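The values are calculated or read from the model by the stated rules, or taken from the named source; none is laboratory data. For clarity, every value in this text was computed on a predicted model and none was experimentally measured. All Cβ positions, even for glycine, are placed from backbone atoms using ideal geometry, and neighbour counts span all protein chains on display. Accessible surface is based on the protein model in full, side chains and every heavy atom, while ligands, DNA and RNA are left aside. Shrake-Rupley method; radii C 1.70, N 1.55, O 1.52, S 1.80 Å.
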Amino acid sequence: MEILKSKERYDVIVVGSGAAGGITSKILTDAGLKIALIEAGPYFDPADPKQQTQFKPTWASPRRGSSVTRRFGDFHMSYGDWKVDGEPYSSKDDTDFMWWRSRMLGGRTNHWGRIASRLGPKDFKCKDFYDLDENWPITYEDIKPYYDKLDKLIGVFGTKENLPNDPDGFFLPPPKPRLHELYYIKGARKSGINVIPSRLSVLTKRINNERGICMFCGQCERSCSVYACFSSSSSLVIPSLKGGLVDLYTDSMVRKVNTDNNGLATGVSFIDKKNGKEYSLRAKVVVLGASSCSSARILLNSKSNAHPNGLGNSSGLIGKYLQDTVGTSKQIFVPELMNRKTYNEDGVGGAHVYTPWWLHDKKLDFPVGYHIETSYRNLGMPQFGVGGYIPNDFNKFFGLRVGGYGEQIRKDVKKYWGSTISLESRGGAIPDINNYCEIDKNKKDIYGIPVLKFNYKWANSELNQAKHAQDIYEELAYNMDGIILGDKPGKEQNYGISTPGSIIHEVGTTRMGNDTNTSVVNKYERLHDVDNVYVVDAGPFVFKGDKNPTWTIMALAWRTSEHIISELKKQNI
Amino acid sequence: MKRRDSIKTIFLSSIGASISLESCITPVGESIADKVWEYQYGRTPHEKSRDEKFLNSIFFDQTELKIIERIANIIIPPNQYGNVNDAKVVEMIEFIAKDWSTPAHNNYGENVLRKGLIVINQLFIKNFNKDLLECSDDEIKIIFDKISYQDNVSEDLSEAASLFATYRYMVVTGWFTSEVGMKDLGYKGNIPNVWDGVPDEVLKDHSVSYDKEWIEKCVDQSKRNDLAVWDDDGNLIT
C-alpha cells in the first residue's frame, strides 16, 4: 500500500478526541505546542443543526426513536455502539464481551451519563484496603489538584458531604430532587442507606462565557447544543481548534505507532477512511487516548524489531487486567406513583440523587462496593415502546384484567406512566490478569487492521456483589411500598450481573506501576519501554472502585500533559 | 382522603367514560418529498439514506393500510386531542415494516406485521363470512374481545392474540409518541426551562416534602447566571 508522509513534524500527536484526547489537546496547545489530533470518526458539533438531536420531538423520527440504527435510540448521540460497521471483534471460548466505540469528534463524551465522580483515597490504595494485587503508584493527594482544576474548568454539580471515599470537590449547586427521587430517598433512609445529590458534569450555573447554562431538557445523552453539559467535542476540542495549533484529522483510523531503530516513536500511521489510503505523521511525542481497548490494540499492532511483542509490551501485560464496572439493575413498581399529575420534570439528563457506597465498615463476602443510580426519565418524553409491550401488565397486581383495547388501554397507559423506578448498581471490578483483550491473529477490520479478541469472566466475589445489590433492591421496593418487576435473578441467572463491557467503563489494559515487570506505564502514564509514548485514556487504571472513570481519565491526562510539556522544555524527549 | 385510597378509587372507576366516535377520513397523501423534508432529526448521511429509501418505497397495499387504520382506530379511539391519523400511526407502522425487514429482524414486516393482518382478517371471515373492513365496529369488537385479554384466550386463538398484541403495541406507541398523543398523555417537557423542583401541590398530594438542609444546598435559580466563584475550601461564594 502506498504510504503518504507528511513533511511537518508535530510536537505531539494525540490519538483520540474523547475525554482523554480533548483535555490533552487543550493543555498542550495552551502551552503553545503544535499538535495533530487524530479521530477515527467524523467531525461533530452538537450545535450544528444538521447533527443536533437535542429538542427534536419523538415524532420527528419516522421510527419514533426506536433503536434500529442507534443502539439507544434515534436521538442518542453516539455514532457507533457495541457494533461498528466494518470493525468487528471476537471473543475467546464462551466469553461474551461487548465493546462500545463512538466514532466521532468527542467520542463517548457526547453521550456519557455525565457522572463525574472522583476515585477516593482507598481506591488508590486498593491493595491495602481491598486486598487486591497492587496499589496504584500514586495517591489521591497526587491527583487531587487535577480533579480540583477540572471541576473549575469543566464544571460539576454536587454537594460537600465529607464522605470517607467519595471526595468532595469544587461543586456547582445541584438541582432539586424529582418526585420519584423523593420516594427513593424516603425508602432508602428506612434502611439507613445514604442518598446524596448526584455529581454530574452539567452547568447549573455559569462557569464561563463560552458555555451555556442547563436548560433542563433531560437530554444530556444527545450532547448539548449550548454546551451546558460536558462533551469533549463542544467544550474542549472545538475551542482548541480556534488557537491554530491543532491540525485535526477526522475519519482517520490509526493502524500503529511508528518507531526508529532505537525503538523510539517517530509518529503514527493511519488509514483515511474516506479514500482508504494510508498516511503517516511524525512527531516528537505520541499520546494515545483512543480508549483502553483501542490504545491496547494500537500498541499490540505496533510490532517492530525493537518491540517484537508490540510497542511497550516487554512485560507482556498490554491488554491484561481489563475491567468493566459490575452492573445490575431492577425495576420497581411503586403504586403510590400511579395516576400522576403531569408537569415538566425533565430536569438534567441524569438522576438528581444517588447512593454512594455506604457499607465501608461492614464485613461482606465481596471486597469492593457499589453505588446505586436511579432512573430519571420517569415523566420523560415518550419514545418507541411507551407503555411497554402490554401497556396494562401491572393490572395483574390488582387482580384486574390484563389486555384489552380502546379507552381502557388509553387510560391504563396514563395510569401507570411514571410509576416505576429503576435502580442500577455500579460496582468495582477486581483486577485480574486473566481478563484481557489480545490481537485476534485471524481477523482484520475493513481497513486491514488486526482486531481484538476478548477473554473475560466475572469472579465469584463480583457475583456476590451483584447478589447483595439484588437483595437491596428488594428491601428498597418494600420500603417504597413497591414491587420488584420480574423474577429476582438468583444464582442460575448470575444474580443479573451485567455482560462485561455493557456498562461501557473498560479500564486497565495498560496498567500503571513502578515495577517494569508488573506494569506497562509509569506514574506519568509513559510507557516503561518507550520514552516518548504516553497512554492517557483509562488503560493505565490499576483499579476504578465503584467510580465512573471519566473524571479520573481527564485528571490523569491533565497531569500527564503537564509532564509532557515539562519534559519537552527540558528536551528530555 | 388518603392518597392510597384515592388511587384505589381511581383505578376501580377508570373505565367507562363515554366518547364520541368521529368519522375518520384518510387524509390526502403527502408527497414523498414532503415526508423526507419533514424528518430532520440529526441523521448521519448513512442513516439519512436508509430513511429515504424506506420513505420512498411501499410495503403494505391500500387494503392492508385500511385494515391497519381501522384496527388502530379501535385500539386508540379518537378523542378531543385527535385521532390515529393525526398521530400518523399507520405511516409509522408502514415505516417499521420496512425498517425491521432485515434478516436480523427475521423479516418482521412480512412474518409478523403482514401475517398479523392476514391472521386477524381470517377470524372475521370465519365468524362473519366477510372481511374485517366490511364489518361494523361492534362486530370487530366481538372478535377483539376474544383475542385481546390475557385471561380468556382460547388455545386456537393464541397466535391471533399474540399478533393482535403486537398491533396494540404499535398503535399505542404510535399514538403516545405523536404530537397529539403526547398532549393526551400530558407530557410537558422538551422545552428550555429553569427547573426548580416538584410543584408544591404535587408534593402535598404525595405527602412528601423537601428537607430544608438538602434544599439549601440546591441551585438558587436567581443566581444561575452569576459566574461561579469558590473559596479555597470549595465553598461556592456567588
Can you return the aspartates and glutamates within cross-link range of A:K50? Criterion is Cα-Cα under 19 Å, with same-chain partners fewer than 8 residues away left out. A:D74, A:E221, A:D251, B:D34, B:E38, B:E47, B:D51, B:E52
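For B:I215 and A:L364, what is the calculated FRET efficiency with R₀ set at 30 Å and r taken between the beta-carbons, to the nearest 0.05?
0.35
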Need the per-residue list for the range A:376-394: every residue with at least 20 Å² less accessible surface in the complex of protein chains than in the chain by itself, probe 1.4 Å, sorted by number. A:M381, A:P382, A:F384, A:G385, A:V386, A:Y389, A:I390, A:P391
If unit charges are put on Cβ atoms (+1 for Lys and Arg, -1 for Asp and Glu) and the dipole of chain A is taken about its Cα centre, the option from A:L153, A:N208, A:G18 lying farthest towards the positive end turns out to be A:N208
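Among A:464-471, A:84-91, A:533-540, A:97-104, what's the highest-first ranking by average C-beta atoms within 10 angstrom per residue?
The most tightly packed comes first, giving A:533-540, A:97-104, A:464-471, A:84-91.
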Flagged links, alpha-carbon separation over 22 Å, of B:K88/B:K183; B:K126/B:K146; A:K190/A:K414; A:K26/A:K544; B:K66/B:K188: A:K190/A:K414; A:K26/A:K544; B:K66/B:K188
What number, in percent, do you get for the relative contact order of the range B:29-185 if the mean sequence gap of Cα pairs under 8 Å and at least 6 apart is divided by its residue count? 26
Can you pull the mean other chain C-beta count within 10 Å for peptide B:210-221? 5
Return the subset of A:K273/A:K523; A:K303/A:K453; A:K125/A:K205; A:K144/A:K523; A:K186/A:K457; A:K83/A:K443 for which the Cα-Cα distance in this structure is over 25 Å, preserving the input order. A:K273/A:K523; A:K125/A:K205; A:K186/A:K457
Can you give the mean number of other chain Cβ atoms that lie within 10 Å of the Cβ atoms in peptide A:153-166? 1
So the carbon and sulfur contribution to the accessible area of the range B:91-238, 1.4 Å probe, in percent, is 49
At a 1.4 Å probe radius, carbon and sulfur cover how many percent of the accessible area of the range A:266-321? 43
Taking +1 at the Cβ of each Lys and Arg and -1 at the Cβ of each Asp and Glu, which of B:C135, B:T177, B:I68 sits farthest along the dipole of the range B:29-185 towards its positive end, judged by Cα position relative to the Cα centre? B:T177
According to a simple spin-label model (label point 7 Å from Cα along Cα-to-Cβ), what is the distance in nm between A:K570 and B:K204? 6.8
For the protein assembly as shown, what is the accessible area per residue in Å² when the probe is 1.4 Å? 39
Mind listing the long-range amide H neighbours of A:S198? Cut-off is under 5 Å, sequence gap 5 or more, other chains count too, H placed in the peptide plane at 1.01 Å from N. A:V353, A:Y354
Whole-Hz couplings from phi, Karplus 6.51/-1.76/1.60, listed for the range A:545-552; x for Gly and Pro: x, 8, 8, 6, x, 4, 5, 6
Roughly speaking, what is the centre-to-centre gap between the range A:89-158 and the range A:505-540 when only Cα atoms are used, to the nearest Å? 14
Need the list of aspartates and glutamates near B:K212 for cross-linking: C-alpha distance under 15 angstrom, and skip anything on the same chain fewer than eight residues off. B:D196, B:D200, B:D220
What whole number of Å gives the distance from the Cα centroid of the range A:281-354 to the Cα centroid of the range A:18-77? 16
If you look at just the Cα atoms of the range B:29-185, how large are its Rg and its Dmax in Å? 16.4, 50
Give me the aspartates and glutamates in straight-line cross-link reach of A:K467: C-alpha distance below 15 Å, same-chain residues under 8 apart excluded. A:D365, A:E424, A:E475, A:D487, A:E492
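With +1 assigned to the C-beta of every Lys and Arg and -1 to the C-beta of every Asp and Glu, and no other charges, what is the dipole magnitude of the range B:29-185 about the Cα centre in debye, to the nearest 20? Can you show the working numbers first?
Working: 17 positive and 26 negative charges, 61 e Å.
Here the size comes out at about 300 debye.
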If you stretched the chain out fully between A:N460 and A:N517, how much longer would it get, using 0.36 nm times the residue separation minus the C-alpha to C-alpha distance? 17.8 nm
Residues whose placed amide H lies under 5 Å from that of A:G41, excluding near-sequence neighbours: A:M104, A:D251, A:S252
Specify the angular offset, from 0 to 90 degrees and rounded to the nearest 10, of the alpha carbon long axis of helix A:460-479 from the longest principal axis of the alpha carbons in chain A. 30
Chain-alone versus full-assembly comparison, the range A:309-346, residues with accessible loss of at least 30 Å² (1.4 Å probe): A:E336, A:M338, A:N339, A:K341, A:T342, A:Y343, A:N344, A:D346
Give the interface area between chains A and B as buried accessible surface, both sides summed, probe 1.4 Å, in Å² to the nearest 100. 8900
What's the FRET efficiency of A:A31 with A:K277 using the Cβ-Cβ distance as r and R₀ = 35 Å, to the nearest 0.05? 0.60
One would report the antiparallel percent of DSSP beta bridges in the protein assembly as shown, rounded to the nearest 5, as 65
Across peptide A:66-77, what mean number of C-beta atoms from other chains lies inside 10 Å of a residue's C-beta? 3
Farthest toward the dipole's positive end in the protein assembly as shown, which of B:F164, A:V530, A:G482, given Cβ charges of +1 (Lys, Arg) and -1 (Asp, Glu) about the Cα centre? A:V530
Modelling each spin label as a point 7 Å along the Cα-to-Cβ direction, I'd like the A:D481/B:K53 distance in nm, to one decimal. 5.3
